[in-house]
Every structure is written in C-alpha cells, then in structure tokens.
Amino acid sequence: MQALSQLSYSPPASVQPRLRQAQKYIQIGKKCPILAQVWANAPSPHGRAITLRKCRFRHWFLSSAFANKIPLIMTAALIDGLALAKTIRVQAAQRAAICASKGRPPGLTVVLVGSNPASQVYVRNKVKACEEAGIRSTLIERPESLTESELLEIIHGLNQDPAVDGILVQLPLPKHIDSHQVIEAIAADKDVDGFHISNAGALMTGRPLFQPCTPYGVMKMLESIDAPIWGANAVICGASNIVGKPMAMMLLAKGATVTLCNSKTRALEEHTRRADILVAAIGRPQMIKADMVKPGAIVIDVGINRLATGKLAGDVDFESVRRVAGAITPVPGGVGPMTIAMLLINTLESAERRLHISNS
Ligand code: GUN
C-alpha cells in the first residue's frame, strides 16, 4: 500500500467548509475515537479515486460524507490526556475525602536530590496535584552532595512513618548514588512508582500491586478510546525500566503482540511500520516521522523534549504523523498529565489498603 502521506492532497475550495465541519467531528473523537483514513471518491494527485480503507471505528458521519462526496484529509483523533487526567483527579479527590473521613488523608512523600531543573518542575507538579486532590504531600529536598547512606536513612524513616502511604524518589539521582539500592530500600507496599523489584516482578507475573505511572496512564488512555489491544501489534520504542519494559508487560497482559525496540535496534522503521499501537519513549525530539507509521495506527508519544526554540516537543513529529495516524497524543497535554494522575491513584490505593477501605 502507498504511504498515506503521499496520498494527501488539497481538496477543492468548494468543499473546504464541509471538510472543516467534518474534521471537527474527527477532532472531538467522541463517537469515532479512531478514525481510519477516508477519502471520498475524489480525485487524488495520482488521478484516481482512493477508496475507504477498512476501518474498525466507523462513525455515522462517514456515510454522510460519502453520500455528499466530501473528500477528507486524514487527521488523527487527538487523545486528550489533559481532559482524561482531570476526570481521574476529580475521582481521586473523592476517594481522598473518604480516606480523610475514615481516619486520615492519604500521604505521599516526594524526595528530590540535587537541582536538576526538569526534576524540580516534575516534582512541583506532583506535589501541587496532590494538594488539589486532598492528598497530604511532603517534599524533602536535599542538595547534590547528599550521600547514599544519608538518603537511605531518610527512606528508612519514611518506611516506618504510618502517615506515609507513598514514597517517591525522583529520578535521575546524582551519579554517586546507586538508584537500584535506593529503590530497593523503599518498602514495596509504599512504592507508588512501581519501580521496586518486587513490584516489577509482580507486574511481570500478572499480579501487579503498583503499576509504574507513565505506562499505567498510557493504558488508561488506550482504554478511553476503546483501543483494540487484543491481537494488535504493539511496538514500543525505548526499553527503560520506567516506561518501555513495564509498558511491554501491560500491553502483553492485554493480549498485544509486543515488540520492544531499544537504541541498538536495526531498521527501526521496519518495526514501527508494523505497529497498530506505537509507543514512542526514546527521548529524542520528533524522531518518529510520518513514513515510520502505519496508516491508522494509534500513536502514543511519551517524550518531553525542550527544543532550541524553547518549545516542548515529543518524540513524534506531531504535525506530519497526525496526517497518517488514526489517533495520537499531543505534547504537551498527552501522556504527561496522565503520569501525575496515576501517581495519585497509586497513592490512594496504598492509603485505602492501609485504612482497610474497600474500593470495589
Ligand atoms: N523520573 C522520570 N519519570 C519518573 C517517574 O515516573 N518517577 C520517578 N520517581 N522519577 C522519574
């Protein structure tokens, strides 16, 4: 099949208003969260009609578009992480209020070592989100010079503190501190990041306690658009412990055939082009281009990169890929807010377990 990017064309001016109207439906994406590429029987630059591809998520308006011969340029549905995160945060606030009424508010302690500017922003956002949801959050900030044993001592104290339901040590840590030692020192039942070896193992064996927040958020986003995961080809670019590996486990558990690519993967595009679900977590700005994406694919962009212009960009070249993909997450406003929302959920689950509150 030809790459859809090659098939794009400018529709005649006479249909532009109808086209804009139709695209509004695509962007709202409520009835058709994933819209496959559609061209009504309008002439393409190749001088022939392009027919409707098989589409699992047809929308009522497609038939009317066809009847009225509206040519549609493919525009991926936006998966709005900000809106979904807001809904989850409202639910989190309700659960936090129940905890408070039945004993005490849930408590999260965040530990930040050093002055990495990106980490400072992430940590501030986490603490603020907790406060807004009624989760008592404490930020422990220590200088870059903190020793590993001093950090371990802080963690041992938090493990013993009954008012602390969740402990999060922001990564990366300074080079002289072994992050594995630190993560393993956190009590597994307070490890709301889900990074502890026993939580990672529990996820792998299908009985997760805490799921790492970013891939957990991605799964919620896929759920929100009723993405067909069972039997799908899922390709993950980036094999980190924080995102790629747990993402693979979660997609596998839902029946996807998973390919986990890493920095040594040869001919990456040969893998990505087979993906029905493509997760980009590489840490290289705009690396995934339109010709690397299967038409109609769901594209999840985990990257947050600061461009030389000062603008934020993901690992996906959004402007070109949105013309090929069926659904796509924006940056900012995509995966980022969901990571924080899932941290709140993990903290609540920990508090509810401790307070013996059933959440079924
Ligand atoms: N650094 C980047 N992402 C994360 C995360 O999800 N948790 C922690 N603790 N550190 C991070």
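The values are calculated or read from the model by the stated rules, or taken from the named source; none is laboratory data. Since we're looking at a predicted model, the values are computed, not measured. For neighbour counting, all protein chains shown are included, and Cβ atoms are generated from backbone atoms with ideal geometry for every residue, glycine included.
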Report summary line: Of the residues in segment 201-232, those that are within 16 Å of the ligand (Cβ to nearest atom), farther than 13 Å from residue 85 by Cα and among the aromatic types (Phe, Trp, Tyr) come to 210
Report summary line: Flagged in segment 318-340 as in a helix (DSSP H, G or I) and touching a residue at least 40 places away in the same chain (Cβ under 8 Å), in numbering order, are 320, 321, 335, 336, 337, 338, 339, 340
Query - Selected residue (criterion: nearest to the ligand (Cβ to nearest atom)) from residues of segment 242-252 that are under 20 Å from residue 345 (Cα atoms) and surrounded by fewer than 23 Cβ atoms within 10 Å (Cβ to Cβ) - result: 242
**Report entry** Cβ-Cβ under 8 Å pairs, at least 6 apart or on other chains, segment 173-198 side more than 10 Å from the ligand (Cβ to nearest atom), far side among the small types (Gly, Ala, Ser) and in a loop (DSSP other than H, G, I, E, B)
**Finding:** 174/114
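To keep it simple, each residue is scored yes or no on (1) under 19 Å from residue 218 (Cα atoms); (2) away from the ligand (no atom under 16 Å from the Cβ).
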{"residue": "257", "(1), (2)": "yes, yes"}
{"residue": "261", "(1), (2)": "yes, yes"}
{"residue": "274", "(1), (2)": "no, yes"}
{"residue": "312", "(1), (2)": "no, no"}
{"residue": "315", "(1), (2)": "yes, no"}
{"residue": "318", "(1), (2)": "yes, yes"}
{"residue": "325", "(1), (2)": "yes, yes"}
{"residue": "343", "(1), (2)": "yes, no"}
{"residue": "355", "(1), (2)": "no, yes"}
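Any residue at all in segment 104-123 that is surrounded by 13 or more Cβ atoms within 10 Å (Cβ to Cβ), in a helix (DSSP H, G or I) and more than 16 Å from the ligand (Cβ to nearest atom)?
No: segment 104-123 contains no residue that is surrounded by 13 or more Cβ atoms within 10 Å (Cβ to Cβ), in a helix (DSSP H, G or I) and more than 16 Å from the ligand (Cβ to nearest atom).
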Report task. Report, by residue number, each residue of segment 186-207 that is of a type in the set (S, T, N, Q) and in a loop (DSSP other than H, G, I, E, B). Result -> 205
**Report entry** Of all residues in segment 287-303 being free of Cβ contacts under 8 Å to residues at least 40 places away in the same chain and within 16 Å of the ligand (Cβ to nearest atom), the one that is surrounded by the most Cβ atoms within 10 Å (Cβ to Cβ)
**Finding:** 301
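So that you can scan it fast, the table gives a plain yes or no per residue for (1) at pLDDT below 95; (2) surrounded by 15 or more Cβ atoms within 10 Å (Cβ to Cβ); (3) of a type in the set (A, V, I, L, M, F, W, C):
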residue	(1), (2), (3)
147	no, no, no
156	no, no, no
184	no, yes, no
188	no, yes, yes
192	no, yes, yes
204	no, yes, yes
217	no, yes, no
Query raised in the report: Any chance segment 261-281 includes a residue that's in contact with an Asp or Glu (Cβ under 9 Å, 6 or more places away or on another chain), of a type outside the set (A, V, I, L, M) and crowded, with 24+ Cβ neighbours inside 10 Å?
Result: no
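Restricted to segment 223-240, and to residues that are buried (at least 24 other Cβ atoms within 10 Å of the Cβ) and aliphatic (A, V, I, L, M), which residue is nearest to residue 352 (Cα to Cα)?
The extreme case among them is 227.
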Report summary line: Exactly one of 278, 343 is out of contact with any His (no Cβ under 8 Å at 6 or more places or on another chain) and in a strand (DSSP E or B), and that one is 278
Requested in this report: Return a yes/no flag: does segment 235-244 have any residue that is assigned to a loop (DSSP other than H, G, I, E, B) and polar (S, T, N, Q).
Outcome: yes
Report summary line: Picked from segment 160-172 (must be within 13 Å of the ligand (Cβ to nearest atom) and surrounded by 15 or more Cβ atoms within 10 Å (Cβ to Cβ)), the residue nearest to residue 242 (Cα to Cα) is 171
Query raised in the report: Just to be sure, is residue 87 surrounded by fewer than 19 Cβ atoms within 10 Å (Cβ to Cβ), closer than 30 Å to residue 323 by Cα and modelled with pLDDT of 95 or more?
Result: yes
